[in-house]
1. Limited to the stretch 135-158, what total is found for residues that are surrounded by fewer than 17 Cβ atoms within 10 Å (Cβ to Cβ), of a type outside the set (K, R) and farther than 20 Å from V99 by Cα?
2. Just checking, how many residues over the stretch 99-112 are assigned to a helix (DSSP H, G or I) and in contact with a Lys or Arg (Cβ under 9 Å, 6 or more places away or on another chain)?
Amino acid sequence: MLNPQKKVSRKEIKEDKLVTSYFEARAWAEENRKLLSYVALAIVVLVAGVFIYLNRQSEDNQKATTELAKVFPLYDQGKYDQAINGVPQEGTHGLQFIVDEYGSTHSGNIASLYLADSYFALGQYEKALGYYKKVSVDDRMVSASALAGVGACYESMKQFADAASYYERAASKNMVAGLAPNYLRRAAESFAAAGDKAKAVEILKTLKKEFPSTQEARDADLFIAQFGA
């Protein structure tokens, strides 16, 4: 007579599945030990790389800051050639060196702005344009200054539609009374020079609305009358 089969409980089935899954996972790990080692190594290398990069960035930014402090007096005095190229006999690196070596750092970006300003002051608008466009920082005032610099380059090159666009972007980037009214006025003038007087009037009306107490706003009616004629 056959013995009756033992009824397997749900708990035993669940435990059996867990055991099976464990051994299957263990078998897979044994078979793919080399792959797992490579993955683990890749993670370690990635983490180490990020740490080294951030540490290097910090060191480079400090170096750029130090070099910028040395060369800034030359820029401030209007000695633009020396500001660009430095004074080697005095151990002062120029803005060009700082940008070439540390351009990806925050202080390197600030150096790019001063380098662009220096080339602009010397009438080298193409070079200035390239360095204004390289500036990439979170600071709204610096970003707005760089955009306005691009606008000024295009204006000096008589590319008025491009100039107007960048002046307008500069104003919208940092809509505060300090510089935005000037950017808006220059945007309006450039739009008018490009033949788009309707857009110029629109910009001036925005200027009057946003910054009514500024000199630019007080002069806006004169320009509106002129551009609307």
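1. Here the count works out to 2.
2. Residues that pass the stated criteria total 6.
Here is a yes/no grid of residues against (1) within 17 Å of A171 (Cα to Cα); (2) surrounded by fewer than 16 Cβ atoms within 10 Å (Cβ to Cβ); (3) of a type in the set (S, T, N, Q); (4) not assigned by TED's automatic domain parsing to the domain that holds A163:
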position: F191; (1), (2), (3), (4): yes, no, no, no
position: D196; (1), (2), (3), (4): no, no, no, no
position: A200; (1), (2), (3), (4): yes, no, no, no
position: L204; (1), (2), (3), (4): yes, no, no, no
position: Q215; (1), (2), (3), (4): yes, yes, yes, no
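Here's the yes/no breakdown for (1) at pLDDT 90 or above; (2) hydrophobic (A, V, I, L, M, F, W, C):
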position	(1), (2)
L179	no, yes
F191	yes, yes
K199	yes, no
E210	yes, no
L222	no, yes
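The values are calculated or read from the model by the stated rules, or taken from the named source; none is laboratory data. Worth saying up front: this structure is predicted, and the values here are computed from it rather than measured. Note: ideal-geometry Cβ built from the backbone for every residue, glycine included; neighbour counts use all protein chains shown.
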